Amino acid sequence: MNSQRILVLGGGFAGLWSAVGAARMLDKLGLGPEEVGITLVNADPYHCIRVRNYEADLSAVRVPLDDVLTPVGVRRVEGRVTGIDLPNQQVQVQVAAAGGPTNLEYDRLVVALGSQLNWPNIPGLAKYGFDVDTYAGAVRLDAHLQSLLTQPDSPGLHNVVIVGAGLTGIETATEMAGRLRTVRATAQLKRPFRVILIDHNPWIGSDMGISARPVIEQALRDLGIETRTGVSVASIDGSGVELESGTVIPAATVVWCAGMHANPLTRQFPVERDRFGRLPVDEFMKVKGIANVFAAGDVATAMMDDTHTSVMSCQHARPMGRFAGHNVVCDLLQQPMRPLRIEWYVTVLDLGPWGAVYTQGWERAVASVGAAAKRTKQTINCHRIYPPLTKNRREILDAAEPVVQTPPEFHH
């Protein structure tokens, strides 16, 4: 009997847990790779804790995928997915080791290729803009910040402009304030740094709601972060940012945090995608209208309850992955699938040295602020969202059970 093939694309939160979730279900059914093989394709050998890329210390934001996949019998292919042939059930991969394209066949496919930062065609953005979207981008930004100490003085040398005041932009700005204070103290600089957070919306944290917004604004004031709202960027160069109004903000550092969209390979699916480019999936994470294909995480949009769809965050990517992995095996082997439904929603927004704000519900009502909320945030970022790091097969498989975890506890 030929082994059946489950192919998982992506090693982020959804992809990793899809692969391990599939391995868990096969283990439960007493089946091994000779009956059903699982392969995960990722561009590099790491599971990146992407939500921590804004932090100063990047030493713990990457987990070797093999530490999690090898103990549970998942094969890893290092390469970049370049095409998906749905009629022939093949995926084209530019494999790093082979140096050329390879076709990987599947009986069931899980698409978990994640999202990426919007890089609009603004003059100078690609050349002079920094980001915290990827690990490589975060490392590049950190090296640039360190280099400021050796550069000749200029009007914008000590100015950092962060474009986009959503969750990533706010976390980057508030962390930046603390990072630059440390740099200044270490180098004994006389002139303070300025952090300027700008957005085209009329207010900061536009989707955080009326309950949390005053907390965010207070934190920004206390940290000395300047804000400019209702403004758009016209161009960027090595000396600063020009706004569409004609105003120029001198800055040696511009960090772009404005908007996300699903991996562009979703365009190869003959389905109607949402405004983020996400694939529609049902409660089992099956792509609607496409045979033998599941999707999870930032490339997929699913109903979480009767009225709310999934958001592009690890809060939903992780359970979507666990359920996709479980259900892809069940679909392949004609077992009953398990629907995903999440009745709760929380947001914990890091506010740098000030603390954090923890909200509950889709209306984002504030439940905890300051140092107490910061402890919750650190528990989530540093522990809860990590896979087991013990290389213990049983522990890793058990962590992939298709259940919805309880909300993270918040500190009063």
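Only the coordinates and a few stated rules stand behind these numbers; no lab work does. Keep in mind it's a predicted model, so treat the numbers as computed, not measured. Here Cβ is always computed from backbone atoms with ideal geometry, including for glycine, and neighbour counts include all displayed protein chains.
Here are some notes:
- Restricting the GluC sites (Glu not before Pro) of the stretch 300-395 to loop positions (DSSP other than H, G, I, E, B) with no more than 12 neighbouring Cβ atoms within 10 Å leaves Glu343, Glu363.
- Amide H contacts of Arg228 (H built 1.01 Å from N, in plane; Pro and chain starts excluded): Leu197, Ile198, Asp199 sit under 5 Å, all sequence-distant by 5 or more or on other chains.
- Tail beyond 28 Å, pair distance distribution of the stretch 119-256 (Cα, percent): 13 percent
- Residue with peak Gaussian network fluctuation, the chain [Cα springs, cutoff 10 Å], from Thr172, Thr307, Thr70: Thr307
- Exposure proxy shown here: for Asp133, Asp398, the number of other Cβ atoms within 10 Å sets the order, fewest to most, as Asp398, Asp133.
- Helix 314-332 vs. the chain, principal-axis angle (Cα, 0 to 90°, nearest 10): 10 degrees
- Packing order of peptides 155-164, 349-358, highest average first: 349-358, 155-164 (average count of other Cβ atoms within 10 Å over each peptide's residues).
- For the chain, calculated [θ]222 nm from helices alone, where every DSSP H run of n ≥ 4 adds -39500 (n - 2.57): -8000 deg cm²/dmol
- Using alpha-carbon coordinates, inclination of helix 13-28 to the longest axis of the chain, degrees: 30 degrees
- When the trypsin sites (Lys or Arg not before Pro) in the stretch 270-352 are filtered for DSSP coil states and for at most 11 other beta-carbon atoms within 10 Å of their beta-carbon, the remaining sites are Arg275.
- Each listed q (0.17 Å⁻¹) maps to a log10 I(q)/I(0) for the stretch 33-98 from the Debye sum over equal C-alpha point scatterers, namely -0.76.
- Size descriptor, Kirkwood hydrodynamic radius, that averages inverse alpha-carbon separations across the chain, Å: 22.4 Å
- Counting DSSP beta bridges with both ends in the chain, the antiparallel % (nearest 5): 50 percent
- Backbone geometry of the stretch 236-247 corresponds, through the Karplus equation with coefficients 6.51, -1.76 and 1.60 at θ = phi - 60°, to 3J(HN,Hα) couplings of 9, 9, x, 10, x, 10, 9, 7, 5, 6, x, 5 Hz, x marking Gly and Pro.
- Most fluctuating residue given options Gly238, Gly73, Gly37, as computed from a GNM of the chain linking Cα atoms under 10 Å: Gly238
- The stretch between Ser3 and Trp203 holds 66.5 nm of extra length on full extension. This uses 0.36 nm per residue minus the Cα-Cα distance.
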